[in-house]
Amino acid sequence: MPKTIYLFVIATALLTFTACPPADTGSNPGDNSAGNTTGEASVEESVVAFDNSAQEAWKNKNGKFFDENLTDNFVGVSQRGRADKAMVVASISSDECDIKSARSTDSKVTEIAEGVAIQTGKNDVDGTCEGKDLPDSQFVTLLVKDGDKWKAAYHQTRPIEAASDDSGDGDEAEKSEGGEKPAAEAENGDDAENKEGAAEAEKPAAPPMPKFSNDEAAAEELTKLETDLWAAWAEKDTKPFEGVLADDFIELTADGPKDRAAILKQIAEHNCEIDSTGLSEAIATKVADNMYVFSYYGRATGKCDGETIPSAPNYTTTVFRKDGDVWKAVFHMGTPGEAA
């Protein structure tokens, strides 16, 4: 499989909603109606039951579950960018993944508005896609209540970096530099060209471009707001953030969820020297009354802790609540993009 297509499969696979099975909820994890809740179920029980059902649906390649339990304006974000509902459903139904087990740790559910809940946590996955191990990851899912049924409106993941192991690098380097030639070099030139032509013809079609619901007026307002916040962050200026971050604000950082006070402290004390910041391809998706998922590609140039900031974009999302004419950020997460 071409690299770009493989990475799309991995990225979409990481858009799975995994969680520890709930205590006995009476739901059938393989049932497409498992998102339904009873009047007795708490928000947390309902969200965990949803995630448990989604986990089973992913393992069973049950795209129908996601077709019925993602909102039509669903936004998914991973290290390869954004995916819409159609992309997720298609990938789940046709992927070449083998999932043996998946469980969630550090799970926390917060109701951020009536009928709107956010779950954060870590995914521990034992499985492969195209023979490649799936990494563990951090995740957030925003769910909205549609009648008596919870549906996912936004999901984002960030792979947890594994400790590097250089033990095999030397052997591979020796093979390239020593007497063994790579297979492509050892082949007859004509044969190699024929095989390359055949491989090109067998390439699967590129993934479809995602289509998102975008409130253009809100996107314009939030783009200006976030642009100003990025500039303030570069200057370690917390004042603009104090007016925007809601009292119940949460950011899912690489070290786990942090509240408003912790983030304000982090902004004031970060060890970065920033030359420039910017954002692009912003969309504002309304997921509930006065609640918007604002996603975009963020970039910064400069250094943090003496290291040059990677040039790949940071796929960033802020969940905003509009209180009258005032925008309040209730959640934020960034996923570093993969280098090209």
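The values are calculated or read from the model by the stated rules, or taken from the named source; none is laboratory data. Please read all numbers here as calculations on a predicted model, not as lab measurements. Virtual Cβ from ideal backbone geometry, glycine too; neighbours counted across all protein chains shown.
Annotation note: Cβ proximity below 7 Å between a residue of segment 82-102 that is on the phi > 0 side of the Ramachandran plot and not assigned by TED's automatic domain parsing to the domain that holds residue 143 and a residue that is in a strand (DSSP E or B) and surrounded by 21 or more Cβ atoms within 10 Å (Cβ to Cβ) (sequence gap 6+ or interchain) occurs for no pair.
Can you tell me which residue among 275, 237 is without any contact (Cβ under 8 Å) to a residue 60 or more places away in the chain, out of contact with any Asp or Glu (no Cβ under 7 Å at 6 or more places or on another chain) and assigned to a loop (DSSP other than H, G, I, E, B)? The unique qualifying residue is 237. I want to confirm something. Restricting to segment 306-320 and keeping residues that are out of contact with any Pro (no Cβ under 9 Å at 6 or more places or on another chain) and crowded, with 20+ Cβ neighbours inside 10 Å, which single residue is farthest from residue 79 (Cα to Cα)? For segment 306-320, the residue satisfying everything is 320. Scanning segment 54-67 for residues that are buried (at least 19 other Cβ atoms within 10 Å of the Cβ) and at pLDDT below 90 yields a count of 6.
Checking each residue in segment 209-233 for being in a helix (DSSP H, G or I) and of a type in the set (Gly, Ala, Ser) picks out 217, 218, 219, 231, 232.
Pairs meeting the criteria (first residue in segment 108-120 and farther than 12 Å from residue 145 by Cα, second residue of a type in the set (D, E, K, R), beta carbons under 6 Å, at least 6 apart or on different chains) are 109/44; 120/108.
Conditions (1) over 22 Å from residue 46 (Cα atoms); (2) surrounded by fewer than 22 Cβ atoms within 10 Å (Cβ to Cβ); (3) touching a strand residue (DSSP E or B) at 6+ places or on another chain (Cβ under 6 Å), marked per residue:
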site	(1), (2), (3)
69	no, no, yes
73	no, yes, yes
84	yes, yes, no
87	yes, yes, no
90	yes, yes, no
107	no, yes, yes
114	no, yes, no
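Being more than 18 Å from residue 315 (Cα to Cα) and either touching a Pro at 6+ places or on another chain (Cβ under 7 Å) or among the acidic types (Asp, Glu) (or both) is the filter here, so list the residues in segment 237-258 that pass it. Residues satisfying the conditions are 237, 242, 247, 248.
Scanning segment 126-138 for any residue that is under 19 Å from the mean Cα position of the chain (by Cα), buried (at least 20 other Cβ atoms within 10 Å of the Cβ), β-branched (Val, Ile, Thr) and assigned to a strand (DSSP E or B) turns up nothing.
Can you pull out the residues in segment 244-272 that are among the small types (Gly, Ala, Ser), assigned to a helix (DSSP H, G or I) and touching a Lys or Arg at 6+ places or on another chain (Cβ under 9 Å)? Break it down stepwise before answering.
If we filter segment 244-272 for residues that are among the small types (Gly, Ala, Ser), which is where we start, we get 246, 254, 256, 261-262, 268.
Adding the requirement that they be assigned to a helix (DSSP H, G or I) leaves 261-262, 268.
Matches in segment 244-272: 268 only.
Against the condition outside the structural domain of residue 123 (by TED's automatic domain parsing), without any contact (Cβ under 8 Å) to a residue 24 or more places away in the chain and surrounded by fewer than 18 Cβ atoms within 10 Å (Cβ to Cβ), how does residue 323 come out, does it pass? No: the conditions fail for residue 323. So which of 297, 292 is aromatic (Phe, Trp, Tyr), modelled with pLDDT of 95 or more and surrounded by fewer than 18 Cβ atoms within 10 Å (Cβ to Cβ)? Just one listed residue meets the conditions, 297.
Here is a yes/no grid of residues against (1) crowded, with 18+ Cβ neighbours inside 10 Å; (2) under 19 Å from residue 142 (Cα atoms):
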{"site": "245", "(1), (2)": "yes, yes"}
{"site": "248", "(1), (2)": "no, yes"}
{"site": "256", "(1), (2)": "no, yes"}
{"site": "264", "(1), (2)": "no, no"}
{"site": "268", "(1), (2)": "no, no"}
{"site": "274", "(1), (2)": "yes, no"}
{"site": "281", "(1), (2)": "no, no"}
{"site": "304", "(1), (2)": "no, no"}
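If you go through segment 221-264 and keep only what is among the aromatic types (Phe, Trp, Tyr) and in contact with a helix residue (DSSP H, G or I) (Cβ under 9 Å, 6 or more places away or on another chain), you end up with 233, 241, 249.
Return the residues of segment 238-260 that are within 23 Å of residue 325 (Cβ to Cβ) and of a type in the set (Asp, Glu); say none if nothing qualifies. Scanning segment 238-260 gives 242, 247, 248.
Of everything in segment 290-305 that is more than 17 Å from residue 220 (Cα to Cα) and in contact (Cβ under 8 Å) with a residue 24 or more places away in the chain, the residue that is nearest to the chain's Cα centre (by Cα) is 300.
When the residues of segment 139-149 are filtered to those that are charged (D, E, K, R) and assigned to a strand (DSSP E or B), the one that is nearest to residue 58 (Cα to Cα) is 149. For segment 102-121, filtering for residues that are at pLDDT 90 or above and part of a strand (DSSP E or B) leaves 12.
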